[in-house]
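Report on one structure; see the data block that follows.
The values are calculated or read from the model by the stated rules, or taken from the named source; none is laboratory data. Just so we're clear, the structure is a prediction, and the values are computed from it rather than from any experiment. For neighbour counting, all protein chains shown are included, and Cβ atoms are generated from backbone atoms with ideal geometry for every residue, glycine included.
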Amino acid sequence: MERLSSLYASALFDLALQKGVTDEILDQATMIRDSLSDPDCRRILTHPHISPAEKQAFLDKAFAGHIHEDLRSFFILVTEKNREEFLVPTLTALIHLIERHRNKTTAEVMSASVLDDSQTASIKEILSKKLNKDVQLSLKVDPTVIGGPHIYVDGYYIDWTVRTRLRDLTAHMKEG
């Protein structure tokens, strides 16, 4: 599935570059991906008893007039070929291609509580320097983290959580 999603994303990326609409496509792909990530949307799009025409009508109703024609054509292609499960992975891959082209990336930051502006600015600055990219943050809160963030960015996982440090300390003490 990943290979086909990458091929679709590359084709959409090439079209966006040729037409000079990468900013527009990035914004729309992000909005669509986030909308289609909803479990109810996924159930509708992947349900075997809903016809391709009904799925296309669903997508048109949700996004018609709000998306670039190339994205709409992509919707038609995947629904006609019963490949709706490729929508979200393809849009995610497309977003990454455009961000990489623009020397940008998004870091997913999970913390125990909401980070204040100085904390987010500090994380963003550190990651931008280390990666030599413009880094955007996707902030999420998970109280089970206990304290400190864990960050996933460009294939790297950085874990500064208290939970992990306590686990490591306990393992170190058991070793002697």
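For the range 103-131, give me each residue that is of a type in the set (A, V, I, L, M, F, W, C) and free of Cβ contacts under 8 Å to residues at least 12 places away in the same chain. Listed by number, the residues that qualify are A121, I126.
Between L91, L12, which is crowded, with 17+ Cβ neighbours inside 10 Å, in contact (Cβ under 8 Å) with a residue 24 or more places away in the chain and closer than 22 Å to K133 by Cα?
None of the other options fit; the residue is L91.
The residue pairs whose first member lies in the range 132-143 and is at pLDDT below 90, whose second member is among the small types (G, A, S) and surrounded by 14 or more Cβ atoms within 10 Å (Cβ to Cβ), and whose beta carbons are closer than 6 Å, counting only pairs six or more residues apart or on different chains, are P143/A112. Please go through the range 89-120 and give me each residue that is within 29 Å of L7 (Cα to Cα) and of a type in the set (S, T, N, Q), ordered by number. If the condition is that a residue be within 29 Å of L7 (Cα to Cα) and of a type in the set (S, T, N, Q), then T90, T92, N103, T105, T106 are the ones that fit. S118 - would you say it is over 24 Å from A29 (Cα atoms), surrounded by 16 or more Cβ atoms within 10 Å (Cβ to Cβ), modelled with pLDDT of 90 or more and among the polar types (S, T, N, Q)? Judged against the criteria, S118 is not a match.
For the range 139-176, taking the residues that are part of a loop (DSSP other than H, G, I, E, B) and under 21 Å from the mean Cα position of the chain (by Cα), the one that is surrounded by the fewest Cβ atoms within 10 Å (Cβ to Cβ) is identified as G155. Within the range 72-104, the set of residues being among the polar types (S, T, N, Q), over 15 Å from I32 (Cβ atoms) and over 17 Å from the mean Cα position of the chain (by Cα) comprises N82 only. In this structure, L97 does satisfy being modelled with pLDDT of 90 or more and either touching a strand residue (DSSP E or B) at 6+ places or on another chain (Cβ under 7 Å) or in a helix (DSSP H, G or I) (or both). The set of residues from the range 116-138 being under 20 Å from R100 (Cα atoms) and not in a helix (DSSP H, G or I) comprises N132, K133, D134, V135, Q136, L137, S138.
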